[in-house]
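Please read the structure below before turning to the comments.
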Amino acid sequence: GVGNCLDCNDDQILFSDIDSDGFGSDVEAACGVLDSSDCDDSDAQINVLSSEICDLIDNNCNFLVDEGLQQYVLYVDSDGDGYGGIDAIAYCSNLLTGYSDLNGDCDDASALVSPAIPEIPDNEIDENCDGLIETFVDERIEEIVKVFPNPSSGNLNLMISENYDINWNAIDLAGRSVASGKLSPAIKSVSIESQGWDNGVYFVLFKNQYEKSFQNVKWILSK
């Protein structure tokens, strides 16, 4: 015999049920439950009758995790820009910190590079991951910048038809600047007084915001 009478049922082996969900762990107890299938006896929501939910936990104690749930392909998003690279996992939700259900990021170490980032020309970086390094070249360049009238007996008129930021500089044949300024989406045209300029040939140099020349226009002043 023993020196106590604490056993609730001395005819059966019982198991500890700490979370009181009716399912015990594999730890024997003097007063417990018959079932020892609980894989987490500290959480009453985890037992063999529970439904599996998306939480990377074996909720129903069948030694599987998130089984039977819809699986999403998620891509490692190291830079947090919403686009992942090529490394992928299967997961039961499209929301997981450090991952994205969108891929195509060609530089997952930089949040300034992804398919959603606008391309910046002439900086040797493929911001939008389309495989192209954009330069400030346009097949319609003759249509974008207008220098008129040419030749002229009065003002030098400049106009741009696209939403670009463009610096311009009018120089004489000796390379001296006679006027300069900027065209932009807010200021698409300017008219420059040529009073005091000598008759002759001038060149108007156009550069984009990265100081890359893309157009030089010969302009003739004949008063």
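Of note:
- Take the conditions (1) modelled with pLDDT of 95 or more; (2) under 30 Å from ASP165 (Cβ atoms); (3) among the hydroxyl-bearing types (Ser, Thr, Tyr); (4) open to solvent by less than 40 Å² (accessible area, probe 1.4 Å); SER50 misses just one of them, which is (2).
- Positions within region 27-65 being closer than 27 Å to ASP11 by Cβ and of a type in the set (S, T, N, Q), in sequence order: SER36, SER37, ASN47
- Residue match in region 182-201 (condition: modelled with pLDDT of 90 or more, surrounded by 17 or more Cβ atoms within 10 Å (Cβ to Cβ) and of a type in the set (Ser, Thr, Tyr)): yes
- Test: residue in region 147-154 that is open to solvent by 30 Å² or more (accessible area, probe 1.4 Å), touching a Phe, Trp or Tyr at 6+ places or on another chain (Cβ under 9 Å) and under 25 Å from ILE120 (Cβ atoms): no
- Taking (1) open to solvent by 80 Å² or more (accessible area, probe 1.4 Å); (2) within 30 Å of PRO118 (Cβ to Cβ); (3) of a type in the set (D, E, K, R) in turn, GLU162 satisfies each apart from (1).
- Checked against the criterion of being under 37 Å from the mean Cα position of the chain (by Cα), of a type in the set (A, V, I, L, M, F, W, C) and modelled with pLDDT of 90 or more, region 146-155 has no qualifying residue.
- Residue in region 171-180 that is modelled with pLDDT of 95 or more, open to solvent by 70 Å² or more (accessible area, probe 1.4 Å) and either not in a loop (DSSP other than H, G, I, E, B) or not acidic (Asp, Glu) (or both) present: yes
- Checked against (1) of a type outside the set (A, V, I, L, M, F, W, C); (2) on the phi < 0 side of the Ramachandran plot; (3) under 19 Å from the mean Cα position of the chain (by Cα); (4) open to solvent by 40 Å² or more (accessible area, probe 1.4 Å), SER37 passes all but a single condition, namely (3).
- For ALA90, the conditions (1) surrounded by 13 or more Cβ atoms within 10 Å (Cβ to Cβ); (2) of a type outside the set (D, E, K, R); (3) under 22 Å from LEU56 (Cβ atoms) are fulfilled apart from (1).
- Which numbered condition GLU119 misses (of (1) more than 16 Å from the chain's Cα centre (by Cα); (2) part of a loop (DSSP other than H, G, I, E, B); (3) modelled with pLDDT under 85): (1)
- Conditions (1) part of a loop (DSSP other than H, G, I, E, B); (2) more than 30 Å from SER16 (Cβ to Cβ); number of the one not met by ALA44: (2)
- Flag if SER51 is in a loop (DSSP other than H, G, I, E, B), over 27 Å from LEU95 (Cβ atoms) and of a type in the set (Ser, Thr, Tyr): no
- The set of residues from region 1-28 being at pLDDT 70 or above, assigned to a loop (DSSP other than H, G, I, E, B) and either of a type in the set (Gly, Ala, Ser) or surrounded by 12 or more Cβ atoms within 10 Å (Cβ to Cβ) (or both) comprises SER16, ASP17, ILE18, ASP19, SER20, ASP21, GLY22, PHE23, GLY24, SER25, VAL27.
The values are calculated or read from the model by the stated rules, or taken from the named source; none is laboratory data. Every value quoted in this text rests on a predicted model; they were computed, and no experiment measured them. For neighbour counting, all protein chains shown are included, and Cβ atoms are generated from backbone atoms with ideal geometry for every residue, glycine included. Please note that ligands, DNA and RNA were not included when accessible areas were found on the heavy atoms of the full protein model with its side chains. Shrake-Rupley method; radii C 1.70, N 1.55, O 1.52, S 1.80 Å.
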